[in-house]
1. Pick out, in residue order, every one of the trypsin sites (Lys or Arg not before Pro) in the stretch 65-145 that is DSSP loop and has at most 13 other C-beta atoms within 10 Å; say none if there are none.
2. Take the stretch 71-131, drop everything but the C-alpha atoms, weight them equally and run the Debye formula without solvent; then report log10 I(q)/I(0) at 0.30 Å⁻¹ to two decimals.
3. Using +1 at the Cβ of each Lys and Arg and -1 at the Cβ of each Asp and Glu in the stretch 71-131, identify which of GLN83, ASN125, HIS97 lies farthest towards the dipole's positive end.
4. Which entries of LYS30/LYS161; LYS30/LYS71; LYS138/LYS161; LYS101/LYS138 show an alpha-carbon separation above 26 angstrom in the structure shown?
5. Full-extension gain between LYS30 and SER43, please, as 0.36 nm times their residue separation minus the C-alpha to C-alpha distance.
6. In vacuum, with every alpha carbon of the stretch 11-109 counted as one equal point scatterer, what does the Debye formula give for log10 I(q)/I(0) at q = 0.19 Å⁻¹? Two decimals, please.
7. Give me, ordered by chain and number, the residues 5 or more places off LEU14 or on other chains with an amide H under 5 Å from its own placed amide H.
8. Can you give the accessible area of LEU75, probe radius 1.4 Å, in Å² rounded to 10?
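The values are calculated or read from the model by the stated rules, or taken from the named source; none is laboratory data. The model shown is predicted, which means the values in this text are computed figures rather than measured ones. Heads up, the Cβs are rebuilt from the backbone with ideal geometry, glycines too, and the neighbour counts pull from every protein chain shown. Quick note on the areas: whole protein, heavy atoms, side chains included, nothing else; ligands and nucleic acids left out. Shrake-Rupley method; radii C 1.70, N 1.55, O 1.52, S 1.80 Å.
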Amino acid sequence: MSEVLVLNSTYEALNVTTFQRAVKLLFAGKAEMLHGRDRMLASPTLAMRMPSIIRMLYYIRRPMQKVALTKKNVLIRDDHACQYCGTRGERLMTVDHVMPKSRGGESTWENLVCACMRCNNRKNNRSPQEANMTLLRKPRQPKYIPWIQIKRNTLPDEWGKFLFLYNVSIDERVEA
Ligand SMILES: [Zn+2]
């Protein structure tokens, strides 16, 4: 893993980038290295540690964005977990209308949930009650979608203290 955590000048986590892009930012004088890896960059003209965390030297302004209602964002809100059986998966997850469209169910944050194909097929054109299926939690509009999605098992230790906001589960973030 050679991804690099980018911090704003205020030390807030901004995003995750490739080491190539991070090195460019360092050489352009736009960022400083906060933490390097043990590995060195292999280049005949420079000796430098592979960056792990860099910090921008100027402030990157990020407007608060309203979370767009998209299939992808519904899946992110639900942490790719089927809201009926709890199965998790990055692939093959569908977005289910809790109250089916054919029955007047709208496409809103409150009526859309992540569902595995099995549950979606099983539920079919029925309400959860009719199908005798219970939602794990009430779907609601998320306050925000985290910018940074990191597979928790690949998180380098040194990133931890900058990601306190992000390395909790999405459930906790949405409920907060
Ligand atoms: Zn399911």
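1. Passing sites in the stretch 65-145 are LYS66, ARG91, ARG137, ARG140, LYS143.
2. Here log10 of I(q) over I(0) equals -1.33.
3. ASN125
4. Pairs exceeding the cut-off: LYS30/LYS71; LYS138/LYS161.
5. That works out to 2.6 nm of additional length.
6. Treating every Cα as an identical point scatterer, log10 I(q)/I(0) equals -0.94.
7. Correct list: VAL6, LEU7, ASN8.
8. 20 Å²
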